[in-house]
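Notes to accompany the following structure.
The values are calculated or read from the model by the stated rules, or taken from the named source; none is laboratory data. These numbers come from a predicted model, not from an experiment. Here the Cβ positions follow ideal geometry from the backbone for every residue, glycine too, while neighbour counts run over all protein chains shown. These area figures cover heavy atoms from the full protein model, side chains too; ligands, DNA and RNA do not enter into them. Shrake-Rupley method; radii C 1.70, N 1.55, O 1.52, S 1.80 Å.
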Amino acid sequence: MTVSGPAGAPTLQPQLRRTALRGLAGMDRLATVGAVLLALIVLAALLAPLIAPYPDDGGSATHPLEALLPPSGAHWFGTDQVGRDVLSRVLYGARTSLLIAVAVLVIAGVVGVVLGVVAGYAGGWVRDVIMRVTDVFLAFPALLLSLALAVVLQPSVTTVIVAIAVTWWPWYARLTASVAASVSTRGFVDSARCLGVPAPVIVFRHVLPNSLTPVLVQLSLDGGGVILTAAALSYLGLGAHEPTSEWGLMVQQGQSLFTTDWWVVTCPGVAILITAFAFNVLGEGLRARLAR
Amino acid sequence: MLRYLTRRLGQAVLVVAGVVILTFVIMRLVPGDPAVAYAGPRASPAELAAARARFGLNDSLPVQLWSYVRDLLGGDWGTSLHTRRPVRDDLFQAFPASLELVGAALVVAIVVGIPLGIAAARYKGKLPDLSIRISSMLAVSVPVFWLALALQTLFASGLGWFPVAGEYDANLDATSPLHVYTNITAVDALFTGNWPILGSTLAHLVLPALVIAAYPAGVIAQMTRAALIEESSRDHARLERALGFGETAVLTRFALRPALNPVLSLIALVFAYSIVNGFLVEAVFNWPGLGRYAADSIRSLDTPAIAGVTLLVAILYVVANLAVDLVQGVIDPRVRSR
């Protein structure tokens, strides 16, 4: 981490780029596999309308005459109960999952980092209050609080995002608070204070950028967890609904067909598994790299 | 130590108080009128008013919160709108079943995870390490509900090796009725010598326990590996190697014990996590535990029951965290000053 005086506040960009590069260059092969997989998944999600063999099947199209066809040259992953191409729906499902993951991590990250950096810099009773509230939310298992919230709100993708974000921010608050507390004891913060720099400026221009690295690593580690939780909520019928392509929902709708038409459930399930795996090995590799 | 203990206990009590308030808020947010849900759709206005008065819905929110807290402290967790029984009794029945399932899963996870972690550390960077790392990563990345469906389809519906769903064969209730003491069926059956029910319960346990074990087994293997690698790079390991101990002996005879310290804390935390993760598995295997109870109460908008489950699990989390901190405080004095 760079230490610089209050005048030349350490800027985030070069530091971030350096850590990212260092992380990628020194990562072991497994983490590289994760990075490549994740890049492919993101690409598939972005290009879904172009590469899906039957783009309309990602939505509300139905072809009753082609229902439950096994995998073939025309339908690599077979077709579902209303005749939609499962491969197309899996590709569109990547969009939903990644959208949820990014939205949750951004919301939870921003809320957690802001509260954490304030708690860490202020210390005293401010820190105590924020940390106790954080503890309360941490005590609620993510899935359970999300369940309760998803009942209160109407089932939708937005509900899933809100429900998971509410249970996810405390981790970042706690992590940022501990880092920010130690950053706040450093010389450049003292000198800023002596120069009469207002507290909000110190917190957000000086302490915040220097407290970000561990949180960013943690965020990349958590993508897999968010995707698994989101899939579970959708599987329980509390998230996306027809005709949206969502992996958890696809498993739920096809579960009674598992014995007869395995592809309907297996393909979305494996998609969740691979995506979570990619996030997990990449995050693990990054963390191991940065810990050294 | 005493100061650490009281401070940590005080924090835990504060957190539980916060959890109670948050649960109350969620309860008030749940759509639908509990009075209507309780009295039924054809209730007369008088019956509705009676139900409303019974649940104290006419009082102001702080008054309602206060009476909620008072009832909780007095052991009254409310009455389920769905089963019409005290929520506490329902939880007393459902929780042991979840405990049985998660307990079995954790035993599997520990028995599988720790040896795999040792093997990975022993062959660090070689093929066994890579394959163990990949499989443990897959184990933590697999969606449990999907794994549950897959194993159920393959080994129960398909091959018929294991029963499809339930906790034990209900026909056995007639031929060899179970005396209930702990509500943990396997334990009750074992201590009353009820072998048919014990056998049936164990057979029913295999698949759901394996599914729930996947995540803890994966993280335990990863944590054991990481802790062993760190421990075996310390000075004492160098001395042991210099004395002529082989790599396996250094790991298992010397490094393992200190390395298990973080693994133990992990197990306590993963236990609370697995209870909730098990909800999805219970739904698939129709296991009569907390998960099924929670699913039923959510479906019927049974507010007191939802609040009861939420509160119970949150308290479990707090207790697990507290236990970890206290044990570590005993083992490692440095923790106390934090």
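Below, the figures for the structure above:
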read-out	value
For the pair B and A, total buried accessible area rounded to nearest 100 Å², probe 1.4 Å	3400
Counted charge near B:A97, where neighbours are those whose Cβ lies closer than 10 Å (Asp, Glu -1; Lys, Arg +1)	-2
Drop in accessible area of at least 10 Å² in the complex versus isolated chain, residues of region A:226-263, 1.4 Å probe	A:L228, A:A232, A:Y235, A:L236, A:V251, A:Q255, A:F258, A:T259
Kirkwood hydrodynamic radius over Cα pairs of the protein assembly as shown, then Stokes diffusion coefficient at 37 °C and 0.692 mPa s, in µm²/s	123
222 nm mean residue ellipticity, helices alone, for chain B (DSSP H n ≥ 4; -39,500 (n - 2.57); rounded to 500)	-24000 deg cm²/dmol
Shielded by partner chains, region B:275-306 residues - at least 40 Å² of accessible area, 1.4 Å probe, vs chain alone	B:V276, B:L280, B:I298
Modelled FRET efficiency - R0 60 Å, A:R132 with B:A249, Cβ distances, 0.05 increments	0.80
Helix axis angle, B:87-122 relative to chain B longest principal axis, alpha carbon, degrees	10
Ranking by accessible area, most exposed first, for A:M250, B:M27 with a 1.4 Å probe	B:M27, A:M250
C-alpha long axis of helix A:86-122 to longest principal axis of chain A, angle in °	20
Percent RCO, i.e. relative contact order, over region B:193-278, from Cα pairs under 8 Å lying at least 6 residues apart	37
Radius 13 Å from Cβ of A:A192, net charge of other residues (Lys, Arg +1; Asp, Glu -1)	+2
Point-charge dipole on Cβ atoms (K/R +1, D/E -1) for region A:82-152, about Cα centre, debye to 20	200
Solvent-accessible area of A:F188 with every protein chain in place, 1.4 Å probe, in Å² to the nearest 10	10
Positive minus negative residues near A:G83 (Lys, Arg vs Asp, Glu; Cβ under 10 Å)	-3
Approximate shape of chain B as ellipsoid semi-axes (Cα gyration tensor, √5λ), whole Å, largest first	43, 28, 17
Among B:A39, B:A314, B:A189: highest mean-square fluctuation, GNM of chain B, C-alpha pairs under 10 Å	B:A39
Region B:101-290, dipole about Cα centre (Lys/Arg Cβ +1, Asp/Glu Cβ -1), debye to the nearest 20	880
Top of B:A43, B:A174, B:A217 by mean-square fluctuation, Gaussian network on chain B, Cα under 10 Å	B:A174
Most mobile listed residue (A:A44, A:A199, A:A230) in chain A, GNM with C-alpha springs under 10 Å	A:A199
Nearest-20 debye value, chain A charge dipole, Cβ charges on Lys, Arg, Asp, Glu	1420
Under-5 Å amide H pairs with B:S80, H placed in peptide plane, nonlocal only	B:R85, B:V87
Extension gain from A:D28 to A:F204, taking 0.36 nm per residue of separation minus the Cα-Cα distance	59.9 nm
